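Chemist: Before we start, here is the structure in question, set down as structure tokens.
Nothing in this text is a laboratory measurement; each read-out follows from the coordinates by a stated rule. Predicted model, so just to flag it, every value in this text is computed and none were measured. Cβ coordinates were reconstructed from backbone atoms using ideal geometry, including for glycine residues, and neighbour counts include every protein chain displayed.
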Amino acid sequence: MTTKRIIYFFLLFAISSAVFAANEKSNSIAPSTNRLAEIQQKHKEAETAYDAAAGPLPDTPEGNKKGEELWKEFDKKQADLFMAAVELAKADPKSDEGFAALEWVLANPRSYYLPAGIPAIELATSHHAANPKVGKIIACLGYYRPPSKAASHAVAIALVQAVAEKNPDQTARGQAVMSIAWQAGEKFAEAE
């Protein structure tokens, strides 16, 4: 074999190895993003199925009973999907995918009362209180803040407080301070 052929085969091997390695790396990143998209798609499908089944029910005792059964079934499915998103975030909580999973869960106020709510809020507090992108979470959590008797109330307040103190983004801090002000206003109104 000539030297040119040896160099040619070496370069061909090196390039194909690099392409293979790049492909493997992109495949290793894709599953978590795809996993969140799968979870969100399943949630959308479950919500659509619930709306389609519950919407035409008559306003009768039987219809109301069937509606409650459908809601319980949907709420269980929703709770499982929220928990799957939290587990995805736990795998790499500081990543963009981890943040996206937490944002998706916490942008839905129902999650605050489901098993996924407290761990999602705790992960957001631990890993994203200083994240400038946390504003959407704080806006939802501040406006739909769990009442003081809810199990998730204390962790929700801790997240809002942490964002107000640590976040460099003016909008995120503003959302947090607004939530704190609303809470103070509610306490004042109760005291009167």
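Chemist: For every other residue with a beta carbon closer than 11 angstrom to the beta carbon of Pro119, add +1 if it is Lys or Arg and -1 if Asp or Glu, then tell me the sum.
Modeler: Taking every Cβ under 11 Å from that of Pro119, the sum is -1.
Chemist: Let me ask another. Between Ser95 and Ala54, take the C-beta separation as r, use R0 = 25 Å, and let me know the FRET efficiency to the nearest 0.05.
Modeler: Once the sixth-power term is evaluated, E becomes 0.10.
Chemist: What length, rounded to one decimal in nm, is gained on full extension from Lys42 through to Ala184, with 0.36 nm per residue of separation minus their alpha-carbon distance?
Modeler: Here the segment from Lys42 to Ala184 would lengthen by 47.3 nm.
Chemist: With label points built 7 Å along Cα→Cβ from the Cα atoms of Glu69 and Glu192, find their separation and express it in nm.
Modeler: 4.7
Chemist: For the stretch 32-191, place one equal point scatterer on every Cα, skip the solvent, and apply the Debye formula. What is log10 of I(q)/I(0) at q = 0.14 Å⁻¹?
Modeler: -0.74
Chemist: Work from the charge dipole of the stretch 32-191 (Cβ charges, +1 for Lys and Arg, -1 for Asp and Glu, about the Cα centre) and give the residue of Phe188, Tyr113, Gly67 farthest towards its positive end.
Modeler: Phe188
Chemist: What distance in nm separates the two pseudo spin-label positions at Glu62 and Lys149, each 7 Å out from Cα along the beta-carbon direction?
Modeler: 3.6
Chemist: What spacing in nm lies between the two simple spin-label points modelled at Thr171 and Glu87, each 7 Å away from Cα in the Cβ direction?
Modeler: About 3.4 nm, to one decimal.
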